[in-house]
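The values are calculated or read from the model by the stated rules, or taken from the named source; none is laboratory data. Source: prediction; values computed, not measured. With ideal geometry, Cβ positions are generated from the backbone for all residues, glycine too; neighbour counts draw on all protein chains shown.
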Amino acid sequence: MSMSVASEQRQFTTLMRFFHWLTAAMVLTMLGIGVAMVASLADYHRLVSIHRPLGILILIVVVIRFVNRHYSALPPFPTTMSPRERSVASASELFLYALLVVQPLVGWGMLSAARYPIVLYGSIHLFPILPQSVMLYAVLRRAHTVLAYLLFLTFLAHFGAVLFHTWVMRDGTFSRMAPWKVRAQ
Amino acid sequence: MADTRHFGRLAGTAIVVLGVAGAFLYLGGWFNPTALTPARFADGFERVDGIYSGFRRNHAKGVGVSGFFQSNGQGTHLSKAVVFQAGRVPVIGRFSFGGGDPYVADAPNLVRGLGLLFRQPDGEEWRTAMINLTVFPFKTPQAFFDNLIASQPDPQTHKADPQKMEAFLARHPETVQAMKIIQSHSVSSGFDNSAYYGLIAFWFVDASGTSIPVRWSMVPLQPFVAADAVAAQGDKNYLFDALIASIVQHPLQWHLMITVGQPGDVTDDASIPWPDGREQVDVGTLTLDHVESEETSPARDINFDPLVLPAGMAPSNDPLLSARSAVYSQSFTRRAGEKKLPSAVTPSDVRK
């Protein structure tokens, strides 16, 4: 997927790093809200009212981010990463993108199939993207849970791998995506 | 030495990752196995009433209805909701009995429910689920749940354990008080001549952004006949059959009455009535002119979630609201994926 690799480039572009941390904040918030709201009576409504518009916002941001990634120059992998590790990293990145696009669509789709009004804010609401069917709703509702746990596990793997590289192997993996500018050593 | 440091960092990585996973599970309530959750609430209904595939976990027995709401425009002074602008919006509804048994024998003392969905021309909806009690017997979701569990019939006697009920009432004087108010009203003979109450307070927001607390009810145009003036019948569906006969004869109508609260009126306790003499505004007439079995009615697949509100209506701080929304959703999700068993009131019952 990489367009060109600038040999002196150590970090992802500023815009890519911005999108990364924006997505990270939104997705972690979303996972927390999601798992809390299904177990809550008192906060269910408040949380679900944030969950819906935030999900759509994530969908929009991830699509823009993916397009931006396609047109951005990427820094090389750390030399400590084996070819196998590199292909695992690339595949998991693609998998995360896929989850982040599919999960909001499943959420939107399941509300459509249940014919819930898909309220974003006030009187602003989305159109249904699927025909009404409670059976379809039931399948998508279950898929939404499965995908959420998968998303969380994928995040944990990604987070753990970066921690391992940065902290244990000391290869500066984190600085590639650090929110601040890191000068080449 | 280097090995120790290496191992320490490796362990640190594992601890941080596990910590993040633990925080996630904590948020999901995994470390609080006794807290009342939407799933445990639905489990409670299933434990007491049994599981009937494809049916609501509460208010399981019902029929679908449809018609329209003719607004007289008076409601626009209270709320900017489109449904209150003079004119007509289509309505889908469902009459039901409280409880999780979809084949329960009709009886006047069962709680009657009316769920309604008003569809505004702009695509927004107003959903409300009302019952024929003038106040709600419980203040909190936990009290409702505790009463449900206390009312579980004993497998031997098929009756609730009176000691458990007594213990519940001793802990909940507000329920005793509410029951007195409920019993001071005589029950009507059928679904058609019954009033239905929204019970919970909401906020209405007008075009200028001003909010006022309100409660609402549907007051029947059909004349009141006391239930004890009519002999009960042996047929298990006799009250639904009477509703069907009545609606086929002539459309049934209710006035939608908005009770306007004043500063200081409770908005977080549906077990307490507002003082007498609060302003009542008749905002229009509900007409129900069509009835069908759940098997053919779109009402079967509607979740009458009381927090589906159009702009111009907002939830109050009543703890029952969010809990109802959560538990209705849980019930809807469970039944959505189940095979649909035939309803007690079948399509042929409606045609005859």
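Pairs meeting the criteria (first residue in segment A:130-146 and over 15 Å from B:Ser329 (Cα atoms), second residue surrounded by 20 or more Cβ atoms within 10 Å (Cβ to Cβ) and hydroxyl-bearing (Ser, Thr, Tyr), beta carbons under 6 Å, at least 6 apart or on different chains) are A:Leu130/A:Ser112. Pairs are defined by a Cβ separation below 6 Å, a sequence spacing of at least 6 or placement on different chains, a first member in segment B:237-254 that is of a type in the set (Gly, Ala, Ser), and a second member that is not in a strand (DSSP E or B); the pairs so defined are B:Ala242/B:Gly190; B:Ser246/B:Asp192.
Checked against (1) surrounded by fewer than 20 Cβ atoms within 10 Å (Cβ to Cβ); (2) within 7 Å of another protein chain (Cβ to nearest Cβ), B:Thr346 meets all criteria but (2).
Note on segment B:294-305: residues that are within 14 Å of chain A (Cβ to nearest Cβ) and of a type in the set (Ser, Thr, Tyr) amount to 1. Screening A:Ala39 on (1) surrounded by fewer than 18 Cβ atoms within 10 Å (Cβ to Cβ); (2) part of a loop (DSSP other than H, G, I, E, B); (3) within 12 Å of chain B (Cβ to nearest Cβ) shows it passes everything except condition (1). Residues in segment A:117-135 that are modelled with pLDDT of 95 or more, crowded, with 17+ Cβ neighbours inside 10 Å and facing chain B (nearest Cβ under 9 Å): A:Val134 only. Collect the residues in segment B:309-323 that are at the interface with another protein chain (Cβ under 9 Å from one of its Cβ atoms) and either part of a helix (DSSP H, G or I) or closer than 11 Å to B:Pro38 by Cβ (or both), keeping them in residue-number order. Within segment B:309-323, B:Pro319, B:Leu321, B:Ser322, B:Ala323 meet the criteria. Going by the structure shown, is B:Val291 more than 9 Å from chain A (Cβ to nearest Cβ), assigned to a strand (DSSP E or B) and either more than 28 Å from B:Phe41 (Cβ to Cβ) or in contact (Cβ under 8 Å) with a residue 60 or more places away in the chain (or both)? Taking the combined requirement at face value, the residue satisfies it.
Take the conditions (1) loosely packed, with under 14 Cβ neighbours inside 10 Å; (2) basic (Lys, Arg); (3) in contact (Cβ under 8 Å) with a residue 24 or more places away in the chain; B:Arg5 misses just one of them, which is (3). Name the single residue, out of those in segment B:34-50 being over 16 Å from A:Met37 (Cα atoms) and part of a helix (DSSP H, G or I), that is farthest from the other protein chains (Cβ to nearest Cβ). By that ranking, first place goes to B:Asp49.
Any residue that is over 15 Å from the mean Cα position of the chain (by Cα), more than 12 Å from every other protein chain (Cβ to nearest Cβ) and either among the small types (Gly, Ala, Ser) or not in a helix (DSSP H, G or I) (or both) - is there at least one of those in segment A:64-72? Yes, that holds for at least one residue.
Each row is one residue, and each column tells you yes or no for (1) within 27 Å of B:Tyr52 (Cβ to Cβ); (2) polar (S, T, N, Q); (3) under 16 Å from the mean Cα position of the chain (by Cα).
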site: B:Gln74; (1), (2), (3): no, yes, no
site: B:Ser79; (1), (2), (3): no, yes, no
site: B:Val104; (1), (2), (3): yes, no, no
site: B:Ala107; (1), (2), (3): yes, no, no
site: B:Gly115; (1), (2), (3): yes, no, yes
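Taking segment B:241-288 as the range and being of a type in the set (D, E, K, R), over 21 Å from the mean Cα position of the chain (by Cα) and assigned to a loop (DSSP other than H, G, I, E, B) as the test, the residues that pass are B:Asp265, B:Asp276, B:Arg278, B:Glu279.
Please verify whether A:Gly34 is at pLDDT 95 or above, within 14 Å of another protein chain (Cβ to nearest Cβ) and in a helix (DSSP H, G or I), treating the condition exactly as stated. Yes: the conditions hold for A:Gly34.
Selection of strands (runs of 3 or more DSSP E) fully inside segment B:60-124 by the criterion of at least 1 residues being without any contact (Cβ under 8 Å) to a residue 40 or more places away in the chain and either away from chain A (no Cβ under 14 Å) or surrounded by 24 or more Cβ atoms within 10 Å (Cβ to Cβ) (or both) returns B:87-97.
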